[in-house]
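These notes concern the structure reproduced below.
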Amino acid sequence: MNATWTLLSANLRLWAAPLTVVLVTVAVGIVLQRMLYRAIHRWARRSQTAVDDFLIPAFGAPFIICVLMLGLHLATDFADLPAKAAPWVGKIFLALWIILLTLVAARVAGKIVKYWGSRAQGEVLITSLTENIAKLVVASVGLLVLLNALRISITPMLTAFGVGGLAVALALQDTLSNLFAGIYISLHGQIRPGDYIRLDTGDEGTVRDINWSSTVVRALENNLIILPNAKLAKATVTNFSRPDARLAVSIRIPAAPGTDIDTLERVVLEEARGAIGQIPGLLADPEPVVRFNPGFGEVSLEFSLVYHVARFEDQFFARHELRRRILKRFRQEGIEIPLLPRTLLAPRDTK
């Protein structure tokens, strides 16, 4: 019993100092983290910036891991390690520090790119692809630093990559095609997240994101359309948000041949102008206009109300509401809308 207690006491004395160092380091780190976050919040409020929105998420969990690694690293100085293990412990901690700092720097780089892109909206295209490229650049630099710190030559690796590059390119031909097409789309800047586009295939919707392999489009039905970047780069695309998100929309308005065209134009414009501010997305500038369509129909006259909406999606409710208001006003004013005859069944061939 005495021997067991003596051995336990010796082990406790052996590990007491390293454990104390780890616990003290973690406690101090938690206190410093709270103080640092408060300072960042105060500075962000004074400068009216959103720096804290990307700095704190980027440093949250990695900061605690850094503190824990620092405690373990300091604890090794107080631990009775074998002479042969000491150099390896130093190299392991060096590699872990480089890896951790690289991951933190990559996260910060991605957050900075996203924040800078949101502030420079209209000039820089920020997607998942551009964020990942920024992270990849930082990770590549960190990998080179790690290999240099471990005294590993990269020349044989570059030679191996050069020899195997052709085989990899052939095996990943479709993947690389989508990747480079995504980079081309991002750099070209004519299709951006938030734009409403229509492809020559009939697919249409709002661009949500451009990533490594595909472009994600949300249709009006709230479904997601996944378009391979290579397909999108080759397609004929109509972008309803460029160069201006405003969209001109027209409503066809038939009228009986005997209708007073001045009265019709006045009534339609009164309803269109009165709806501005009441119908979401209906714009006052350019103001609505009424146009007499070319030609005189035998059964009816035909006019068009041309108005502008702020976005592509706004046209549908605006068209519905304007038609409803104009029809009610026509009935009040006694303006007749002719019913055009339609052939429901095709005549039989009498030959």
### Query
Working from the pairwise distances between different alpha carbons, so that the mean of 1/r is found and then inverted, what is region 177-281's Kirkwood radius in Å?
16.5 Å
### Query
Over region 177-239, one equal point on each Cα, no solvent: what is log10 I(q)/I(0) by the Debye formula at q = 0.14, 0.18 Å⁻¹?
-0.31, -0.53
### Task
Within 10 Å, count the other beta carbons around each residue, average over each peptide in 178-189, 87-98, and list them highest first.
178-189, 87-98
#### Entry: FRET efficiency, 1/(1 + (r/R0)^6) with R0 25 Å, evaluated for Phe93 and Leu136 via beta carbons
0.45
### Query
Quick one: which of 212-219, 326-333 comes out on top by average Cβ neighbours within 10 Å, and what's the full order, highest first?
212-219, 326-333
### Task
Taking amide H positions as placed in the peptide plane 1.01 Å from N, state which residues far from Ser241 in sequence (5 or more) or on other chains have amide H under 5 Å from it.
Tyr196
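Each value in this text was obtained by applying a stated rule to the coordinates, not by laboratory testing. Quantities reported herein were computed from a predicted structural model and do not represent experimental measurements. Quick reminder, even Gly has a Cβ in these numbers, built from the backbone with ideal geometry, and neighbours come from all protein chains shown.
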